[in-house]
Amino acid sequence: MEYRHCLVTGANRGLGLAFTEALLAEGRRVVAACRQPGKAHALNTLAAEHPGRLHVLPLDLAEPRSHHELARELALVGDAPLDLLINNAGVLRGGERFGQVQPADLETSLRTNAMGPFLLTQALAPRLADGATVANISSEIGSIAGVREFRTPSYAIGKAAQNMATALLARALAERGIVVVALHPGWVRTDMGGEKAPLSARESAHSLLAVIAGLQPQDSGCFLDRQGQPLPW
């Protein structure tokens, strides 16, 4: 499918902003969603540079009411269905130690990293084109089979739950030919990944978009890295 109409969450910075820039460079129409559009200076600059092709809309991924408000606002910026939904927004609580993990951090991760993408996709399902793609930006840290140490437990648990949401959404949307995948972006230099990460957001976004462009129906429900190779659940 040609991805003419796209929606990216967490689009105000980091990987989400890089996705938005790359999609615009390819000539796509993009809805960029973030919590505070008024403070998303880079996005608003892009919107001025791409009139009519980039719309910046509010979204608090942890708040289900915001999902339905976004769905309503989409109808105001165009009637065309979405060909690509990139569930990129997420949160990470660093520095956690066993014995000191806080319930609030676990709850925040589950609400934002797992419940958010699942419920948003459910809310936007009527706006998705048949044959569309839903790309959930996951992490190898969410791989249960890949656990080697105690690290970022709130984030890891949230991403593992998100992976299950991906598998379930793939089944729920299969009859409409919608492909749903979990993608690991690599270790990326963002506020979340830190300055020591080897990949720029631009490099990661471009490689993931190449993977998305090559997806086939049989890939739905898979967990893939940025080269398109399967990762263990």
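When the residues of the range 185-221 are narrowed to those that are of a type in the set (D, E, K, R) and under 19 Å from residue 20 (Cα atoms), which ends up surrounded by the fewest Cβ atoms within 10 Å (Cβ to Cβ)?
Of everything passing the filter in the range 185-221, 191 is surrounded by the fewest Cβ atoms within 10 Å (Cβ to Cβ).
When you scan the range 1-102 for helices (runs of 4 or more DSSP H) that lie fully inside it, which ones turn up with 3 or more residues that are out of contact with any Gly (no Cβ under 7 Å at 6 or more places or on another chain) and closer than 21 Å to residue 204 by Cα? Spell out the reasoning first.
Working: elements: 14-25, 41-49, 64-77.
Qualifying helices (runs of 4 or more DSSP H): 14-25, 41-49.
Looking at 101, 91, which is the one that is under 16 Å from residue 16 (Cβ atoms) and not basic (Lys, Arg)?
91
Can you tell me which residues in the range 140-184 are of a type in the set (Gly, Ala, Ser), part of a helix (DSSP H, G or I) and surrounded by fewer than 23 Cβ atoms within 10 Å (Cβ to Cβ)? Give the derivation first.
If we filter the range 140-184 for residues that are of a type in the set (Gly, Ala, Ser), which is where we start, we get 142-143, 145-146, 154, 156, 158, 160-161, 165, 167, 170, 172, 174, 177, 182.
Next, from what is left, pick out any that are part of a helix (DSSP H, G or I): 142, 154, 156, 158, 160-161, 165, 167, 170, 172, 174.
Answer for the range 140-184, where residues must be of a type in the set (Gly, Ala, Ser), part of a helix (DSSP H, G or I) and surrounded by fewer than 23 Cβ atoms within 10 Å (Cβ to Cβ): 160, 161, 167, 170, 172, 174.
Is it the case that the range 30-38 has a residue that's under 18 Å from residue 118 (Cβ atoms) and at pLDDT 95 or above?
Yes: the range 30-38 contains one or more residues that are under 18 Å from residue 118 (Cβ atoms) and at pLDDT 95 or above.
Would you mind finding the one in 27, 90 that is surrounded by fewer than 22 Cβ atoms within 10 Å (Cβ to Cβ) and either more than 14 Å from the chain's Cα centre (by Cα) or not aliphatic (A, V, I, L, M) (or both)?
On the way: 90 fails: surrounded by fewer than 22 Cβ atoms within 10 Å (Cβ to Cβ).
Of the residues listed, the single one that is surrounded by fewer than 22 Cβ atoms within 10 Å (Cβ to Cβ) and either more than 14 Å from the chain's Cα centre (by Cα) or not aliphatic (A, V, I, L, M) (or both) is 27.
The values are calculated or read from the model by the stated rules, or taken from the named source; none is laboratory data. Just so it is clear, the model here is predicted, and its values are computed rather than measured. Heads up, the Cβs are rebuilt from the backbone with ideal geometry, glycines too, and the neighbour counts pull from every protein chain shown.
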